[in-house]
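One structure is given here, and the rest of the page talks about it.
The values are calculated or read from the model by the stated rules, or taken from the named source; none is laboratory data. What you are looking at is a predicted structure, and each value in this text was computed from that prediction instead of being measured. Note: ideal-geometry Cβ built from the backbone for every residue, glycine included; neighbour counts use all protein chains shown.
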Amino acid sequence: MSSTQTEAKPASRRKLHIPFGLTLVLLLVLLFVLLSIFTDSFMTERNIPNLARQGSMIAILALGETFVIITAGIDLSVGAVVGFTSVIVAWLLTNDVPIWASVLITLAIGLGIGCFHAFGIVKMGLPPFIITLATLTSLRGIGLLLTNGATISITNDSFTNFSRNDLLNSLFGIDISPFDIPNLFAMVVLVAIPAWLFLSHSRWGRYLFAVGSNAEAARLSGVSVVRTTYLAYILSSVCAAFVGLLLASRIGIGNATQAEGWELQAIASSVIGGTSLFGAVGSWHGPLLGAFILATINNGANLLNVNSFWQRIITGGLIIVIVYFDQLRRRKR
């Protein structure tokens, strides 16, 4: 047998490797195709922009959650932060605080919540699950106390119109509906670009993966585990506060009970996007795709008149399957 024949044999056994990100894109495309076939109202000029808006806020929330999960942590408070910050911005606006100042104050509160989480983890030695769970319940209670259990209506049209408008219409007054990009989806791009630069092209992004892989080894290598932990939880809470601003803009009210359960959707989106709950594995694009996959499933289920309870069962099943295969992958290493 010639040498060329012997060399060709191993090459024929090589397995085709499809990047996980591409797999998610193909899955999203498949969902679009199937829903277009089985429903007449999915690929319409009204539903697609609505789908983009539905998935955008969870996508940003999931991206923030991913920073924490990469460090082998968890942030259960993001949904409560969204509801709480919607109350804060609504209260500020009703008291005639300028929009720019209201936005900055709200984001600063998100930063403070992230610092509190990191302080509890690093200095007090509390598990991330416990400190963020405590914050979840506390922020709901504080928000309800501030509003006396009611909602705060936002009458500032400039603020509320933002999330309901499209990008070109907002910037230049040009209406090319239904082909324009919703402002909420544009905010996903606004957050995704720095997230890509941070995770893929900065030393701080590498530090997140190092801490998630082995915190003690990272410390011995010169990585500041304390600073990295602070950074991860600050990014998560600031993203949640930003979503709180977008939610308040979209629904026009501040309500502490809004976004209840969104923390689970954020975690699910991150996990579906390939982030490992064991840490050190994740990407900037995975949680975004995961969020829009979930949004598409939920949107399609609504159009098909599927019981909403089944949507939760599907989400839970996806998490179980993906975490199971993640465990199998870790065992093979």
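Some notes on this structure:
- Just one of the listed residues (ARG250, ARG219, ARG206) is out of contact with any helix residue (DSSP H, G or I) (no Cβ under 8 Å at 6 or more places or on another chain) and either basic (Lys, Arg) or at pLDDT 95 or above (or both), namely ARG206.
- Residue check for THR229: in a helix (DSSP H, G or I), among the hydroxyl-bearing types (Ser, Thr, Tyr), out of contact with any Ser or Thr (no Cβ under 6 Å at 6 or more places or on another chain) and closer than 27 Å to LEU133 by Cβ: yes
- Residue that is assigned to a loop (DSSP other than H, G, I, E, B), closer than 23 Å to ILE193 by Cα and touching an Asp or Glu at 6+ places or on another chain (Cβ under 7 Å), where the choices are SER276, SER283: SER276
- So ALA210, is it part of a helix (DSSP H, G or I), free of Cβ contacts under 8 Å to residues at least 12 places away in the same chain, farther than 30 Å from ARG53 by Cα and not charged (D, E, K, R): no
- Selection within the range 287-333 - charged (D, E, K, R) and assigned to a helix (DSSP H, G or I): ARG312, ASP326, ARG329, ARG330, ARG331
- Lone qualifier among LEU146, LEU168 - being over 30 Å from LEU51 (Cα atoms), at pLDDT below 95 and of a type in the set (A, V, I, L, M): LEU146
- Residue check for THR85: surrounded by 19 or more Cβ atoms within 10 Å (Cβ to Cβ), modelled with pLDDT of 90 or more and either touching a Pro at 6+ places or on another chain (Cβ under 7 Å) or over 27 Å from ASN255 (Cα atoms) (or both): no
- Yes/no for SER283 being in contact (Cβ under 8 Å) with a residue 12 or more places away in the chain, among the hydroxyl-bearing types (Ser, Thr, Tyr) and either surrounded by fewer than 24 Cβ atoms within 10 Å (Cβ to Cβ) or more than 19 Å from ALA62 (Cα to Cα) (or both): yes
- Condition check for ALA232: within 22 Å of PRO127 (Cα to Cα), modelled with pLDDT of 95 or more and buried (at least 18 other Cβ atoms within 10 Å of the Cβ): yes
- Residues satisfying the stated conditions in the range 206-229, i.e. surrounded by fewer than 16 Cβ atoms within 10 Å (Cβ to Cβ), under 15 Å from ILE121 (Cβ atoms) and either of a type in the set (A, V, I, L, M, F, W, C) or under 20 Å from the mean Cα position of the chain (by Cα) (or both): VAL226
- Tabulated pairs, the range 234-262, first on the phi < 0 side of the Ramachandran plot and touching a residue at least 12 places away in the same chain (Cβ under 8 Å), second buried (at least 22 other Cβ atoms within 10 Å of the Cβ) and of a type in the set (Asp, Glu), C-beta under 9 angstrom, 6+ apart or interchain: SER236/GLU65; SER236/ASP75; SER237/ASP75; CYS239/GLU65; ALA240/GLU65; ALA240/ASP75; ALA240/GLU263
- Condition met for ALA268 (farther than 17 Å from VAL189 by Cα, crowded, with 23+ Cβ neighbours inside 10 Å, touching a helix residue (DSSP H, G or I) at 6+ places or on another chain (Cβ under 9 Å) and hydrophobic (A, V, I, L, M, F, W, C)): yes
- Selection from the range 31-67 of residues that are more than 22 Å from the chain's Cα centre (by Cα) and either surrounded by fewer than 18 Cβ atoms within 10 Å (Cβ to Cβ) or of a type in the set (S, T, N, Q) (or both): VAL33, LEU34, SER36, ILE37, PHE38, THR39, ASP40, SER41, MET43, THR44, GLU45, ARG46
- Single residue of LEU144, LEU133, LEU104 found to be out of contact with any helix residue (DSSP H, G or I) (no Cβ under 8 Å at 6 or more places or on another chain), assigned to a helix (DSSP H, G or I) and farther than 26 Å from THR160 by Cα: LEU133
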